[in-house]
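Below is one structure, written out as structure tokens, with a few remarks after it.
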2 protein chains.
Amino acid sequence: MHAAIDATHDPQLRSWVASANQPGGDFPIQNLPFGRFRVAGSGRPLRIGVAIGDQILDLQAARLVEGCDMNALMAAPAAERLALRHALSQGLRADSAQQNQWSQALVAQDRAEMALPCDIGDYTDFYTSVHHATNVGRQFRPDNPLLPNYKWVPIGYHGRASSIGVSGQRVHRPQGQTMAAGASAPALGPSRRLDYELELGWFIGQGNDLGTPIGMGAAEQHLFGVALFNDWSARDLQGWEYQPLGPFLSKNFASTLAPWVVTLEALAPFRAPFERPATDPQPLPYLDAPGHRAQGAFSITLEVLLQTGRMRAAAQPAVRLSCTNTTRAAYWTPAQLVAHHTVNGCNLRPGDLLGSGTLSGPEPHEAGSLLELARSGRQPVELPNGEQRSFLEDGDTLTLRGWCERAGAVRIGLGEVSGVVTG
Amino acid sequence: MHAAIDATHDPQLRSWVASANQPGGDFPIQNLPFGRFRVAGSGRPLRIGVAIGDQILDLQAARLVEGCDMNALMAAPAAERLALRHALSQGLRADSAQQNQWSQALVAQDRAEMALPCDIGDYTDFYTSVHHATNVGRQFRPDNPLLPNYKWVPIGYHGRASSIGVSGQRVHRPQGQTMAAGASAPALGPSRRLDYELELGWFIGQGNDLGTPIGMGAAEQHLFGVALFNDWSARDLQGWEYQPLGPFLSKNFASTLAPWVVTLEALAPFRAPFERPATDPQPLPYLDAPGHRAQGAFSITLEVLLQTGRMRAAAQPAVRLSCTNTTRAAYWTPAQLVAHHTVNGCNLRPGDLLGSGTLSGPEPHEAGSLLELARSGRQPVELPNGEQRSFLEDGDTLTLRGWCERAGAVRIGLGEVSGVVTG
């Protein structure tokens, strides 16, 4: 069962929360993303909340959930999740009978302190952009950029859950071993090639038992939703350490998630075809399903913004580094990631995170990392204030944004994820 | 502060639990390993227990801990952990005043159902045997077996926590993509090259904050103890998927831990020099410390046993496949793994697991995997009953054992970890 377009997506719907009705906002009543929060500075236990306009509806205060276990909420069967979405949509719409009661359950977003959306047991990072794989492969293996398995296997690897933080995270520049060209021994020092990666993080809803694969037909039922995700990377550490077992210290010093998880139900109007050029290998049967070619992908526009320390001091706004769309960047769909991850019987648990990998589109200006935009330092990015960037510098604030829009549907947004680099 | 030899290691100590005094047992009073258990079939919440002879002391029933939070126990400062060890040693020794009370807190091991020792947040697997790295490298990269970084970097990567089970685990033969030699497309099917890996799992005690490395001088204070660990591997899946981001589905279908964690305190009599041939690169300063060369390693003897389905049906005992010792196999010490893992600021949490990687010694019969013992299938292992093994077959039970012994100390054991392969 795919999440389908229903009354909760009606473009005519308005909310009694006035800020939700402003055109172009991230959180209209058609969105209803989930997060965890507390009133800033209160030190109180986290609550589950739903973003609506510039407010948060506290689900416990609104008597929609008992307790604050987001992982349990994510694990609920699809029908229960849908029922909650309908209750939220009903209660938040203009002239709802809930308005009096629920208006007491609102907290302004600017008064809230957001936490990670859930407890993340395992975090897997994929590599779904063939353009990123080719661009990065060229840096590490100039003669062999795209490996023979890429177009057959949704390449992925395990990442570190402990160092995932929420938007606003301060990212300490990592130190590590690097081997300089021509040197006879590596040296320890701070990374000089610190980078971001524009990613989406897909959250698992219902899990599966160890030994029981999830087929393509059921894969989306196990996906709860999506959040913006920045997988910070130290390219110099990565180049020296990554063979033969993959990236490790070059990645696990920090990753940053946006606080809001947009559900698969909210994404229903933004489905897109899953396209595979006829000249490419076609997915093996376990990665294909009836209907998947027609609507297995989701169209999400993504952008990367940078504000340097000097820009901030001069009160200059962040500048856009790149912009792309998942349909241009992703070679594999979220359902294919789930089917592949479990084909060997691996168990996924509610709240597990599947990173998309860096979502670079086909054109150079659509690249999802500085490594790509600045051609590994050979063509530094020129900023409007005269600064240049080959890699991130201390004081840089990097922000990812994402949204979905199409004719006939109300735009919904994923909010944003920011992090600042510190020495 | 290193855990030192003290009165709890006195070879003269005897316990009022008679089975603990039998020579050659795994769990004399000098050991005192921790695990989690319930009375088999009771369905009751897990309890923290300490193995003593063929019994388990229930720490809650003995009023030594409140509640059953092993991760909290692991996180306790070294002085608290030492105090608990001394209390256990005092109360369990012959003629202790605790005998009357604590004898009510014993559960026979053969009546207990063991669980994972703790909740594992993140699992990292290292690659600490240079012999294994060379042997395996030869299979995947005949012209380039040991990569240039190996002797500088304690190579590691993140593994999957969700699929780690406790001894007795039934391991489903995973299916996955493989690419046959000369084929033009991969195929999906059950792994035909299923293997085990002889490993130790080192558990983190006290964690560290994100951004705060743990130096070599403090590294052992963050280690709680060690358990036997089998990192099952599907070599055919691995060969096709592992580039460029490392092993994924070839590993994450199952890993099996022994139920008992032997503490660093118990290992104190079995310290060994950390040796590095003068002709090899010497560890960078962040991986070295005063005194580390003299006693940074631990001497643990390890063996691998196989009982095939046919052997079991004929009531034939398991046969030894290989035997080695950590001092022969490990190129890096546990302290070096902690220092390396955190040098970039990565945070470790109590209960996190650091796998040693396959512990193969220098001689062929010391190899810690079938891939190595059977030379990638070219020289199948001959079993006494006439069977051969290149890789594991359905019905095979694979068991790892480990123990420490030296003149002047009482032998202590790590128990065993078993798993059976199912179709």
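The values are calculated or read from the model by the stated rules, or taken from the named source; none is laboratory data. These figures come from a predicted structure and were not determined experimentally. When we count neighbours, we look across all protein chains shown, and the Cβ atoms used for this are built from the backbone with ideal geometry, even at glycine. Surface accessibility is based on the protein's heavy atoms, side chains included, excluding ligands, DNA and RNA. Shrake-Rupley method; radii C 1.70, N 1.55, O 1.52, S 1.80 Å.
Quick notes on this one:
- Tally, over region A:345-363, of residues that are touching a strand residue (DSSP E or B) at 6+ places or on another chain (Cβ under 9 Å) and open to solvent by 10 Å² or more (accessible area, probe 1.4 Å): 4
- Residue match in region A:20-38 (condition: touching a residue at least 12 places away in the same chain (Cβ under 8 Å), farther than 27 Å from A:Arg271 by Cα and under 24 Å from the mean Cα position of the chain (by Cα)): yes
- Criterion violated by A:Asp119 - all others in (1) away from chain B (no Cβ under 14 Å); (2) open to solvent by 40 Å² or more (accessible area, probe 1.4 Å); (3) not aliphatic (A, V, I, L, M) satisfied: (1)
- The residues listed here are A:Arg93, A:Arg47, A:Arg38, A:Arg63; of these, the one that is more than 30 Å from A:Gly168 (Cα to Cα) and basic (Lys, Arg) is A:Arg93.
- When B:Leu194, B:Leu198 are checked against the criterion of being within 12 Å of chain A (Cβ to nearest Cβ), buried (at least 24 other Cβ atoms within 10 Å of the Cβ) and either more than 23 Å from A:Asp125 (Cα to Cα) or in contact with a helix residue (DSSP H, G or I) (Cβ under 6 Å, 6 or more places away or on another chain) (or both), B:Leu194 stands alone in meeting it.
- Counted residues, region A:216-231 - those being among the acidic types (Asp, Glu) and more than 14 Å from chain B (Cβ to nearest Cβ): 1
- Pick from region A:399-409, criterion touching a helix residue (DSSP H, G or I) at 6+ places or on another chain (Cβ under 9 Å) and either open to solvent by less than 40 Å² (accessible area, probe 1.4 Å) or of a type in the set (D, E, K, R) (or both), ranking: farthest from A:Arg271 (Cα to Cα): A:Gly402
- B:Val420 being open to solvent by 10 Å² or more (accessible area, probe 1.4 Å) and in contact with a strand residue (DSSP E or B) (Cβ under 7 Å, 6 or more places away or on another chain): yes
- Scope region B:217-261; condition polar (S, T, N, Q) and either more than 30 Å from A:Gln139 (Cα to Cα) or at pLDDT 95 or above (or both); matching residues: B:Gln221, B:Asn230, B:Ser233, B:Gln238, B:Ser250, B:Asn252, B:Ser255, B:Thr256
- In region A:232-256, the residues that are within 27 Å of A:Pro362 (Cβ to Cβ) and either out of contact with any strand residue (DSSP E or B) (no Cβ under 8 Å at 6 or more places or on another chain) or more than 14 Å from chain B (Cβ to nearest Cβ) (or both): A:Gln238, A:Tyr242
- Residue satisfying condition, being without any contact (Cβ under 8 Å) to a residue 40 or more places away in the chain, among the small types (Gly, Ala, Ser) and touching a helix residue (DSSP H, G or I) at 6+ places or on another chain (Cβ under 9 Å), within set A:Gly121, A:Gly43, A:Gly91: A:Gly91
- From the options A:Leu210, A:Leu228, A:Leu200, A:Leu245, residue that is free of Cβ contacts under 8 Å to residues at least 40 places away in the same chain and not in a helix (DSSP H, G or I): A:Leu245
- Taking the conditions (1) under 25 Å from the mean Cα position of the chain (by Cα); (2) assigned to a helix (DSSP H, G or I); (3) not polar (S, T, N, Q) in turn, A:Ile5 satisfies each one other than (2).
- Selected residue (only one of A:Gly189, A:Gly205, A:Gly217 is assigned by TED's automatic domain parsing to the domain that holds A:Pro244, buried (at least 18 other Cβ atoms within 10 Å of the Cβ) and not β-branched (Val, Ile, Thr)): A:Gly205
- Selection count, region B:374-398, where residues are of a type in the set (Asp, Glu) and open to solvent by less than 10 Å² (accessible area, probe 1.4 Å): 1
- Any chance B:Ser356 is farther than 30 Å from B:Asp69 by Cα, in contact (Cβ under 8 Å) with a residue 60 or more places away in the chain and not aromatic (Phe, Trp, Tyr): no
- Candidate set from region B:130-185 (those that are more than 7 Å from chain A (Cβ to nearest Cβ) and assigned to a strand (DSSP E or B)); member that is most open to solvent (accessible area, probe 1.4 Å): B:Arg170
- Region A:60-83, residues that are more than 17 Å from A:Gln101 (Cα to Cα) and out of contact with any Pro (no Cβ under 8 Å at 6 or more places or on another chain): A:Gly67, A:Asp69, A:Leu73, A:Ala76, A:Pro77, A:Ala78, A:Ala79, A:Glu80, A:Arg81, A:Leu82, A:Ala83
- Search result, residues across region B:186-197 that are acidic (Asp, Glu) and assigned to a loop (DSSP other than H, G, I, E, B): B:Glu197
- If you check B:Leu210, B:Leu306, B:Leu264 for being over 24 Å from B:Thr327 (Cβ atoms), in contact with a strand residue (DSSP E or B) (Cβ under 9 Å, 6 or more places away or on another chain) and either at pLDDT below 95 or away from every other protein chain (no Cβ under 14 Å) (or both), only one passes: B:Leu306.
- Residue match in region A:95-110 (condition: aliphatic (A, V, I, L, M) and in contact (Cβ under 8 Å) with a residue 60 or more places away in the chain): yes
- The residue list A:Gly368, A:Gly377, A:Gly357, A:Gly361 contains one member that is within 14 Å of another protein chain (Cβ to nearest Cβ) and either of a type in the set (Gly, Ala, Ser) or touching a His at 6+ places or on another chain (Cβ under 6 Å) (or both), which is A:Gly357.
- Applying the criterion of being open to solvent by less than 10 Å² (accessible area, probe 1.4 Å) and part of a loop (DSSP other than H, G, I, E, B) to the residues of region B:275-300, the residue that is nearest to B:Arg47 (Cα to Cα) is B:Ile300.
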